[in-house]
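The next block holds one structure in the form of structure tokens; read it before the comments.
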Amino acid sequence: MDDQRQQDDWESNRDDRLPSFTEVLSRRTRPPVDLFMFYLFLQREGAEDILDFWLDVQQHENLCRAYFKDVRKSGRTIKEDWPQYWDYARRRGSIYGTVVGLNTDGMHTKRSTASTGELLSEQDKRNLAATDEKAAGRSTSPRLTPGISEHTHVASMSPTNDRPTTPFSLSGRTPTLFNLKRASRAPTVIPRSSAITRQDLIASAERIYFRYLSPAGNTVNSQENHEIYLPPSLRIHSFPLSSSAEPRSQSEMAIMAQIPDMFHAQKEYCFRAMEQDAFPRFLRAKAFGNLTPISALVRLILGLVMLWIGLAAAFSLVFLDVQPKSKRFFLFIPFTFAVLFLVSHQYELDPILVFLGQSETTPFRTLRIKEPYVKKLLLGRATWVTFLVAAFVAALTLIFWAVPGHRL
């Protein structure tokens, strides 16, 4: 009940504004500005790897959080179970300070602030923290069954599902809904019938490194490598641990202590990159329009064809001096289609679809608009587009009606 009340409060606060990027990642928004649509938007630009990386690191952190909670539920302290990590977290700070029982005065953000600066507002941190806690809580449930990965679920869920639950799983390669040649790159599912081990944490970090951070030449299967760009200061050049062998030397144990926090700075950099670059363009495309680029291009072509037909018919009626002149009023039919298609291309907005409450996901496939403020914006723009179409059609029709006929 508290979660539902909190969700309703967040939605009421968005009645007069667009959602933030944190709200989209936290799955607190509705179509057409939800995480599903953002993933499809990045897919069209060939840039979904950065979101895949963010979601996989989110899974990795939830896995680590679940491991720490399992240890504490067993009656042991993190200091007893993993002294190397405890020492590392005490010296360098950790994002899991609350979970592992460290003195958390400023500890939660100490590491990320030192490495990448203060990237998130306090409200954003609370929103993401709430999502992390829910995902980690679900991961410890003994009733969990194997499922698809978090980000595969984003790409393949039904668009009508407003608030999909986030299954805790480290998935296999399941094809996505709209791009079958791409597949999920999340790890295999770890059954919750058995406790999470530190080797599981190494395996999770190893997969993330070799899929997103290792140069393509260093990966056995090049199809599994989708290296993302990171500035030199955030690049990880090697991963000396192996999920098939337990660390034994002191150096390996010291490196293993960094596994829980290993990708957090890179994750925050990707968050900021998406928030500053892709997300504003996504909002412009989906909060102020409802067409995909291909669909808009098709409307441009159809509009030019219909305009040519309308003008050809109009000049034929004029220069053949067809009587009565009232027949020229039928020119509004081709002119209406021509202007509607051309203005829809210019605004990337189809007013008919908006009035029907629809927005395109992929070319000529739609879902219902459910975000209240976005619906209000689109209805306003659709009304303006309709007025423009009516004005242009009326002007063209009256001009060709008023021109005196002259038979050549």
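The values are calculated or read from the model by the stated rules, or taken from the named source; none is laboratory data. All figures in this text were calculated on a predicted structure; none of them were measured in a lab. As a convention, Cβ positions derive from the backbone with ideal geometry for all residues, glycine included, and neighbour counts pool all protein chains shown. Heavy atoms of the whole protein, side chains included, go into the accessibility calculation; ligands, DNA and RNA do not. Shrake-Rupley method; radii C 1.70, N 1.55, O 1.52, S 1.80 Å.
Overview of results
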quantity	calculated
Paramagnetic label zone (point 7 Å from Cα along Cα-to-C-beta, residue 77; backbone N under 16 Å) in region 83-97	83-91, 97
Residue 87-residue 376 pseudo-label distance in nm [points 7 Å out on the Cα-to-Cβ vector]	5.8
Label point at residue 304 placed 7 Å out along Cα→Cβ; residues across region 334-356 whose backbone nitrogen lies under 18 Å	335, 337-348
FRET efficiency estimate (nearest 0.05) - Cβ-Cβ, residue 235 to residue 312, R0 45 angstrom	0.15
By average C-beta atoms within 10 angstrom, highest first, the peptides 397-404, 88-95, 55-62	55-62, 88-95, 397-404
Cα-centre dipole for region 351-408 with unit charges at Cβ (Lys and Arg positive, Asp and Glu negative), debye to 20	120
Sequence ranges 240-251, 37-48, 22-33, ranked by mean other-Cβ count within 10 angstrom, highest first	22-33, 37-48, 240-251
Region 218-331 - Kirkwood radius from inverse mean 1/r over Cα pairs (Å)	21.2
Solvent-accessible ranking of 282, 330, 239, largest area first, probe 1.4 Å	330, 239, 282
Inter-part distance where region 17-87 and region 339-393 are each reduced to a Cα centre, Å	34
Cβ crowding within 10 Å averaged over residues, with 355-361, 75-81, 200-206 ranked highest first	200-206, 355-361, 75-81
Per-pair calculated FRET efficiency, R0 = 22 Å: residue 284 and residue 394 via Cβ, rounded to 0.05	0.15
Cut-off under 5 Å, modelled amide H: who pairs with residue 361 long-range	366, 367
From the C-alpha gyration tensor of region 41-104, square roots of 5λ in Å	32, 13, 8
Label point distance in nm, residue 406-residue 246, each placed 7 Å from Cα along Cα→Cβ	9.8
Spread of Cα-to-Cα distances over 10 Å intervals beginning at zero, given as percent, for region 301-341	33, 50, 17, 0
Spin-label pair residue 327/residue 352, simplified geometry with 7 Å Cα→Cβ offset, distance in nm	2.7
At 1.306 mPa s and 10 °C, Stokes D of region 326-386 from Kirkwood alpha-carbon radius, µm² per second	125
